[in-house]
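Derivation of every value follows stated rules applied to the coordinates shown; laboratory data play no part. Computed from a prediction, not measured in an experiment: that's the story for all the values here. Backbone-built Cβ (ideal geometry, glycine too); neighbour counts: all protein chains shown.
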Ligand code: 13P
């Protein structure tokens, strides 16, 4: 019965040419993005911005699911409807980020452990009753500095979380984000990602997680943001495709990409080239936050009441990513509406 619910959700999330919007920035993370663009960091503005995105007419033609943060999940969109209810009525599956962010760990300076296992079983029951049908838990891995001990701790928590999510009838997205930040080379990123994914799937098997009802959310293989040698999209897509094929079980429910601090056009181009390496044995799509939202947020910061224009920019970016899912996107497709941003905004570090 639970397995049927989970399978049904996966089927609806991975319909061809649709992505999953990550709109699950914590209050602290989105406030940092607001601050950088001079937007007042208020609950009303967070609501207004998310409403602008989610109530875009015909969003379901582009997006099959949206991941929310707890604050948004409980907010009223108007007419007494929560975001989850609104999504349900508009053929979009509501999801929830359930981890409680990153914390320092004693004796491992600079490393981060993802918090939130305590009380998770109860929270899942509540989220299911509020309409959540998939969820997300993110851990971070620094290519040069994460130790095997902290990686293992985070991966085990991902397995525990995934098991509890499935028990509640909620599809878990497991997200071990190998960070773009840093000076690492492509080779170092490849090695780290391969290590992380191999151990992750080992832990999932060990804790008897049903792999067909799991979604992997991964970064692409990238040389570090501060690396002096930049890889091009052919190398990025080739290496990413190779890592997926060599580490991800064919029976997994699906794979989605995060954008990780790439610009919107980089994330779209790399996705398109990764799709050209297919077909894959499992469904693949994107689940971007910044690469979809940054141009939209800039428009919102300039005039938060011009919803029509802000949505035009959002839809333009969605159009580009639909082309990418078909492996057909090139930079020549850009209309100029959503391809330029002044800054990639702050990552989800809180
Ligand atoms: P980005 O696309 O901005 O990396 O965000 C995706 C996400 O969900 C990070 O947890």
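Checking each residue in the stretch 16-43 for being surrounded by fewer than 19 Cβ atoms within 10 Å (Cβ to Cβ), part of a loop (DSSP other than H, G, I, E, B), more than 16 Å from the ligand (Cβ to nearest atom) and more than 17 Å from the chain's Cα centre (by Cα) picks out 16, 38, 40, 41, 42.
Out of all the residues in the stretch 263-281, which are more than 13 Å from the chain's Cα centre (by Cα) and either within 10 Å of the ligand (Cβ to nearest atom) or crowded, with 18+ Cβ neighbours inside 10 Å (or both)?
Correct list: 263, 264, 265, 266, 268, 269, 270, 271, 272, 273, 274, 275.
Among the numbered conditions (1) on the phi > 0 side of the Ramachandran plot; (2) without any contact (Cβ under 8 Å) to a residue 60 or more places away in the chain, the only one that residue 309 does not meet is (1). Take residue 343 and tell me if it is out of contact with any helix residue (DSSP H, G or I) (no Cβ under 6 Å at 6 or more places or on another chain), within 16 Å of the ligand (Cβ to nearest atom) and more than 26 Å from residue 95 (Cβ to Cβ). It is true that residue 343 is out of contact with any helix residue (DSSP H, G or I) (no Cβ under 6 Å at 6 or more places or on another chain), within 16 Å of the ligand (Cβ to nearest atom) and more than 26 Å from residue 95 (Cβ to Cβ). Filtered by the rule that a residue be without any contact (Cβ under 8 Å) to a residue 40 or more places away in the chain and within 30 Å of residue 40 (Cβ to Cβ), the stretch 268-298 gives a lone residue, 291. Each residue in the stretch 206-230 was checked for being over 12 Å from residue 248 (Cα atoms) and more than 16 Å from the ligand (Cβ to nearest atom), and 12 pass. Of the residues 75, 7, the single one that is more than 14 Å from the ligand (Cβ to nearest atom), farther than 15 Å from residue 135 by Cβ and free of Cβ contacts under 8 Å to residues at least 40 places away in the same chain is 75.
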